[in-house]
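Contents: one structure, followed by commentary.
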Amino acid sequence: MPPIPGSGLAKGLAVTLRTMTKRAHTAQYPEVQPELPPRSRGVIGLFEENCTVCMLCARECPDWCIYIDSHKETVPAATPGGRERSRNVLDRFAIDFSLCMYCGICIEVCPFDALFWSPEFEYAETDIHDLTHERDKLREWMWTVPAPPALDPCAEEPKEIAAARKAAEKAEAAAAAAAAAAAESGATPPADGTPDTPAGGTA
């Protein structure tokens, strides 16, 4: 059956009329700040104390927008006769956000949790050269990083907690077995859980 002439126009006008009767959802930015999702990718914050200048983030960055400078310092021996050690000291950590594509690889590969996503997004500049932010600015953004979400109650238990819980359960089971054995023999188990020594003899 051929379409009725003008049916498309009528459908379009019906959509327009339905939209006109609904309340607008316009957000009055910047007077009203948007409610961003908790995992928004705004800028990258630097927790400088955790950075060991391993250069993994700079090497893995596909855009080569991370610039790191450091120098070595000699650390005296902690014990007499010990050997002096050298450690890297961070001099510069900068990110060029005009090149960054917000892939998050640098955050994922950091083995010491020194980089985090911040929801801050208001860092526009009139000059593209000003989009290279040094470590002082990255550290300021670090304090805007939201707290990690709570663990999913249906998630698998962490291995460390599971191992500690199993060890505690084994210790409790051993103590209960020792108490039961002592109760059957009529002896009172000592407070430290060690077996009694018979009078006049050895254990």
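The values are calculated or read from the model by the stated rules, or taken from the named source; none is laboratory data. Computed from a predicted model, the values in this text were never measured in an experiment. Virtual Cβ from ideal backbone geometry, glycine too; neighbours counted across all protein chains shown. Note: accessible area is taken over every heavy atom of the protein model, side chains too, but ligands, DNA and RNA are not part of it. Shrake-Rupley method; radii C 1.70, N 1.55, O 1.52, S 1.80 Å.
Build a GNM of the chain with springs between Cα atoms under 10 Å apart, and of Cys54, Cys100, Cys154 the one that fluctuates most is Cys154. Computed over the stretch 1-74, the Cα gyration tensor eigenvalues convert (square root of 5λ each) into semi-axes of 57, 20, 9 Å, ordered from largest to smallest. The label point for Glu49 and the one for Val75, both projected 7 Å from the Cα toward the Cβ, are 1.6 nm apart. Between Thr52, Thr21, Thr126, the residue with the greatest mean-square fluctuation in the GNM of the chain (Cα pairs under 10 Å linked by springs) is Thr21. Once the 1.4 Å probe is applied to the protein heavy atoms, the stretch 97-159 comes out at 71 Å² accessible per residue.
Available extension along the chain between His129 and Asp91 is 11.7 nm, counting 0.36 nm per residue and deducting the alpha carbon span. Placing unit charges on the Cβ atoms only, positive for Lys and Arg and negative for Asp and Glu, gives the chain a dipole magnitude near 760 debye about its Cα centre.
Taking the chain as a Gaussian network of alpha-carbon nodes connected by springs under 10 Å, the highest mean-square fluctuation of the residues Val32, Val43, Val53 belongs to Val32. Between 0 and 90 degrees, the angle of helix 159-185 with respect to the longest Cα principal axis of the chain falls at about 30 degrees. Length available on full extension from Ala58 to Met20: 0.36 nm per residue minus the Cα-Cα distance, which gives 8.5 nm. When a 1.4 Å probe is rolled over the protein heavy atoms, the share of accessible surface on the chain that falls to carbon and sulfur comes to 59 percent. About the centre of its Cα atoms, the stretch 1-108 shows a dipole size close to 660 debye [charges on the beta carbon of Lys, Arg (+1) and Asp, Glu (-1) only; nearest 20 debye].
Annotation note: chymotrypsin sites (Phe, Trp or Tyr not before Pro) in the stretch 43-92 located in DSSP loop regions with a Cβ neighbour count of at most 12 within 10 Å are Trp64. Given the alternatives (i) 19.7, 62; (ii) 18.3, 62; (iii) 32.1, 114, Rg and Dmax of the Cα atoms in Å as computed for this entry is given by (iii).
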